[in-house]
Amino acid sequence: MGDPVAIVGAGQTAHRSRRLDVSAPELIDEAVQAALLDARLEPDGIDAVVIGNMEHFEGIHLSDLWAVEGTGGAGKPQLKVATGGTTGSSLAQAAYYLVAGGLFRTVMAVGWERLSDSEGETTTGIVTAFDPIYERPTLAGAVSGLAIMACQYQAKHGTRAEDAALVVVQARENAARNSHAHLRQPVTVAEVLASPVLSTPIRHLDMCPTSDGACAVVFTSRPGDGRVAWVRGVSSRHNHTYIGDVTEGAVSYLHTLRLAAEDAYRQAGVADPRREFDVVEMYEPCTWAAFEWAEALGLCGPGEAARMWAEGATRLDGEIPVNPSGGVLCANPIGATGLIRVAEASMQVRGTGGERQVAGARLALATGFGGSFWSEVMVLGAAR
């Protein structure tokens, strides 16, 4: 894995549907300044910057140039990363490798999104990514692809809509403790089931929002004496196939997540993820996805995830707390979303989670997900 690397600082903005009170560089600067303060560093302490967002969804290009006033990258080596919905977690992995490989001592990863600048571009960008003859008629953006996955899971395991609704009920309970979260209002199972259908079986309250927001995380090989989160395992897997080819017996939606998790667990020496992890910050774009995601990560067996949520195992005080921050269901500035998972996991290990802190957390898991079944995993621990 190269040189030992630690996370020493993380910062986020308040994530909202529209942050019209600031320009995009000002929004980015909020997260950057918070991360520098948390890391107890001045801007000169950052050797290089890794940046990224979903610029083609915003319709604003050359973000590595105009965003430099917010990222603090002027006069420094700067790398732009864009891997679709996985951009945030890819930023974290790129920053990690730059430090682990010895190219730089301290690197800041910065991700953001400001979709309020271009309403509707998200769906347009995703739809046109699919084959125009065979796939596009049934894939009206991310929701329909997730709905296909949910229908397959529901048919296989008999999972009910009520089971899925519990995921967002719990997520909102956690988000109420997180001042950064976009959606903090509590919801009930009945309210989820009464919300409009987007694409069967996904309803409005089953789905994540789109948010304006930014996140920054500092990686270093010289962490000093402060509280740190050591990177213990890093892995990425992705492929692409026609949706019609994704069937049982061939390759599942989360085949890539399972492979990435197995690789990262091997690096970190994790044999029993459900028992060994103290907290999981999992990318779950909709309630139904959380079930297959959890199973792919080895937190439970096939078809057992719904029971985990129903029995409270995933609550803040449960056996395996999932998304104490509220997760993607409560804040989704797309280019930063995966980086937020890493930031939140690092805060848990460092003991800086505030009201959403899991007591005694020493080993945490963060994941990212995006198009082409792109899955990424990072394991963070208190022990070097």
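The table below lists the values:
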{"read-out": "Estimated FRET transfer efficiency (Arg384, Glu26; beta-carbon r; R0 51 Å; 0.05)", "value": "0.90"}
{"read-out": "Distance between segment 30-72 and segment 310-384 - C-alpha centres, whole angstrom", "value": "22 Å"}
{"read-out": "Contour excess over end-to-end distance, with Cα ends at Leu37 and Ala359 and 0.36 nm allotted per residue", "value": "113.5 nm"}
{"read-out": "Exposed-loop-free span, longest in the chain, where chymotrypsin sites (Phe, Trp or Tyr not before Pro) count as exposed if DSSP calls them loop and at most 14 other C-beta atoms lie within 10 Å", "value": "243-384"}
{"read-out": "Extension reserve of the Ser17-Ser116 stretch, reckoned as 0.36 nm per residue once the Cα distance is removed", "value": "34.9 nm"}
{"read-out": "Where labels lie 7 Å past Cα in the beta-carbon direction, separation of Ala310 and Arg160 in nm", "value": "0.7 nm"}
{"read-out": "Spacing of the two label points (7 Å from each Cα toward its C-beta) at Tyr134 and His204, in nm", "value": "3.6 nm"}
{"read-out": "Karplus 3J(HN,Hα) series, Hz, for segment 347-355 with 6.51 cos²θ - 1.76 cosθ + 1.60 (x for Gly, Pro)", "value": "5, 5, 5, 7, x, 10, x, x, 5"}
{"read-out": "Amide H partners (placed H, <5 Å) of Leu329, local residues excluded", "value": "Glu284"}
{"read-out": "Segment Arg105-Trp66, extension gain: residue separation times 0.36 nm, minus the distance between their alpha carbons", "value": "11.5 nm"}
{"read-out": "Integer Hz, Karplus 6.51/-1.76/1.60 couplings in order for segment 21-34, x for Gly and Pro", "value": "7, 9, 7, 4, x, 5, 4, 4, 4, 4, 5, 4, 5, 5"}
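The numbers here are math on the coordinates, done by the rules we state, and not lab data. Worth saying up front: this structure is predicted, and the values here are computed from it rather than measured. Positions of Cβ are generated from backbone atoms using ideal geometry, with glycine treated the same way; all protein chains shown enter the neighbour counts.
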